[in-house]
Amino acid sequence: MRILVVEDEVPLARQIVSALTEAGHDPTVVHDGERALDKTKQKPFDLIVLDVMLPGMDGFDVLRHLRSEHMASRVLMLTARGEVKDRVIGLQLGADDYLPKPFAMRELVARVNALGRRYAEAPVLNLRVGDLTLDLATHDLHRGAKRIDLSPREINLLKVLMREPGRIFTRTELCERVWEHPHEYDTKLVEVFVGRLRRKIGDPPLIQTVRHVGYTIDSGEHH
């Protein structure tokens, strides 16, 4: 993939570039937001690795500009660890994923590859896990032939899980992706909504609890 790395810490930027190059990608690096926007005007990138903390124009400003230009590139934001609001703002502005710093290069490469796989084909119209199908245009959910009614919040939560079957999401991560404002949620709420989804989806269960970690959705077919 053609990747633009926007990172002002030069040693870290170098590490990212070499890890991505080794993984078979084609990275370009810039150290500030203005240069990042210039680059995206010159040629299309499949993915942008964007640090929130940049001198001058920060990562959020860059993201706002990109999305207002309807730039289709996926965006992986690098956020300071513990800054929940940064992650929430990033996801709201249209980032596809985030990675808190400090992180292992393996983890960065894994996230980049997952984003590549997730969007390489034409936009998905249906999400499917086992016999559960969610139509992204109409938000209709079916288990086999049976239609299941969900609230908007339940749909959003299920959508996050179904986009990446087998990926374990922590309760906090699900909160950040489904609720707009940190003060509106706590991790207990996620448990309540997961419980509702499980009841509505029925048996055999698809949403698994991973003890002490969080939740994943899995059809069990590939085990």
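Some values worked out for this structure:
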| read-out | value |
| --- | --- |
| Qualifying positions in the range 26-54 - in contact (Cβ under 8 Å) with a residue 24 or more places away in the chain and touching a Gly at 6+ places or on another chain (Cβ under 8 Å) | D32, G33, D46, L47, L50, D51, V52, M53, L54 |
| Single residue of A110, A36 found to be at pLDDT 90 or above, of a type in the set (G, A, S), over 28 Å from R171 (Cα atoms) and part of a helix (DSSP H, G or I) | A36 |
| Residue list for the range 46-56, restricted to those being surrounded by fewer than 16 Cβ atoms within 10 Å (Cβ to Cβ) and either closer than 15 Å to A13 by Cβ or at pLDDT 95 or above (or both) | M53, P55 |
| Single residue of the range 30-43 satisfying the filter (surrounded by 12 or more Cβ atoms within 10 Å (Cβ to Cβ) and over 22 Å from the mean Cα position of the chain (by Cα)) that is nearest to L54 (Cα to Cα) | D32 |
| Search result, residues across the range 1-12 that are surrounded by fewer than 19 Cβ atoms within 10 Å (Cβ to Cβ) and of a type outside the set (V, I, T) | R2, D8, E9, P11, L12 |
| Residue identified as closer than 19 Å to E176 by Cβ, small (G, A, S), buried (at least 19 other Cβ atoms within 10 Å of the Cβ) and without any contact (Cβ under 8 Å) to a residue 40 or more places away in the chain among G90, G59 | G90 |
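Conditions (1) in contact (Cβ under 8 Å) with a residue 24 or more places away in the chain; (2) assigned to a helix (DSSP H, G or I); (3) open to solvent by 40 Å² or more (accessible area, probe 1.4 Å); (4) closer than 20 Å to R163 by Cβ, marked per residue:
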position: S18; (1), (2), (3), (4): no, yes, yes, no
position: L63; (1), (2), (3), (4): yes, yes, no, yes
position: M77; (1), (2), (3), (4): yes, no, no, yes
position: G94; (1), (2), (3), (4): yes, no, no, yes
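The values are calculated or read from the model by the stated rules, or taken from the named source; none is laboratory data. Being a predicted model, the structure only gives us computed values, none of them experimental. Here the Cβ is made from the backbone with ideal geometry for all residues, glycine too, and neighbour counts use every protein chain on show. When the accessible area is computed, the model is the full protein with side chains, heavy atoms only, and any ligands, DNA or RNA have been set aside. Shrake-Rupley method; radii C 1.70, N 1.55, O 1.52, S 1.80 Å.
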